[in-house]
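Before any comments, here is the structure.
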Amino acid sequence: MPYNFKKTAQKPERFTGGHRMCAGCGAPVVVRTVLRALKTEDHAVVANATGCLEVSSSIYPYSAWKDSYIHSAFENAAATVSGAEAAYVSLKKQGKIPYDAKFIAFGGDGGTYDIGFQSLSGAMERGHDMVYVCYDNEAYMNTGIQRSSSTPKFADTTTSPAGSVIPGKLQYKKDLTKIMAAHGIPYVGQSAPMKNFRDLYEKSEKAIYTQGPAFLNVLAPCPRGWRYDTAIMMELIEIAVDTCVWPLYEVVNGEYHLSYKPKNKRPVEDWLKPQGRFKHMFIPQNRHLIDEFQAYVDKEWDNLLKLCGEK
């Protein structure tokens, strides 16, 4: 069915308001859009790694989740949901479960790129019919804004502080989307909740209804860690895409497909400047940091275009 924003917005909410996520946080927007891609008649089983999303949406005795919800440990959300999926398959064969269920795990970048990578990789390799969604806010935000392997180079965090000795984090961001594509799974998508949410919705629908394991990596800005004005969250996401800092693409059965190509690629300064974590890069003597960041983004974008057959 073609995407229709008005009809999609009228679908019942599976992640309710009243949670305690910060104003201007990208995570709840990601979750609502992903769950909205489910067919109304389908039941979902959600596993959620420890993190901002979990602690803010399931404060006892309340829950923002309307589907079956499992709070898993930081490191094993993928293992938890894969086990639930395996049990469901067995019970379904025995005729003990009459309804269709979909299995979705959510984790931040700390619980996905780093601590939870082992269980994620294992679940994908075993071929469980499930979707793992990383809401990527580029640091360990729940525990005090420590750097993760998803944190961009030069970002100022509590464990990679920018100062006179080092200019923030010294390593480039890990490319987890391509790492997951290398697992040979049927579907991998990189997206962001922007404009009318079409890209994220359609990729979520593909991921959920593709037979076998699927992975979604979705940009989810954090106002505390990125230090931006909460009112510009959606604008900031659009800038990330238009600078090609966060390109939109998918890998279907091993084939790369570009989802969006900016008509006028914006300079990385447009993305860096609104964020306090990159403030030190705009000191005159640090201009070379911006130039290096731009060169890296340009190189990665060119490589992606080649993979997608666009160049």
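For the chain, the spread of Cα positions along the three principal axes, ordered from largest to smallest, is 68, 47, 39 Å. Region 242-284 and region 45-78 have Cα centres lying 30 Å from one another.
Summed over the residues of the chain and divided among them, the accessible surface reaches 44 Å² per residue at a probe radius of 1.4 Å. Pairs of Cα atoms in region 155-311 fall into 5 Å distance bins, from 0 up to the last occupied one, in shares of 2, 8, 16, 19, 20, 15, 11, 6, 2, 1, 0 percent. Normalising the average separation of contacting C-alpha pairs (under 8 angstrom, six or more residues apart) by the number of residues puts the relative contact order of the chain at 16 percent.
Only aspartates and glutamates eight or more places from Lys195 in sequence, or on another chain, were considered; those with a Cα closer than 16 Å are Glu235, Glu238, Asp242. The sum of -39500 (n - 2.57) across all DSSP H runs of n ≥ 4, divided by the residue count of the chain, sets its helix-only mean residue ellipticity at 222 nm to -9500 deg cm²/dmol.
In this entry, region 1-142 is assigned a mean projected area of 9.5 nm², taken as a quarter of its C-alpha convex hull surface. Using the Cβ of Ala47 as centre and a radius below 13 Å, the other residues enclosed give a net charge of -3, where K and R count +1 and D and E count -1. Restricting the calculation to alpha carbons of region 150-241 gives Rg and Dmax of 16.0, 52 angstrom.
The values are calculated or read from the model by the stated rules, or taken from the named source; none is laboratory data. Predicted, not measured: the structure shown is a model, and the values here were computed from it. Note that we place each Cβ from the backbone using ideal geometry, even for glycine, and neighbour counts take in every protein chain shown. All accessible areas refer to the heavy atoms of the entire protein, side chains included, with ligands and DNA or RNA removed. Shrake-Rupley method; radii C 1.70, N 1.55, O 1.52, S 1.80 Å.
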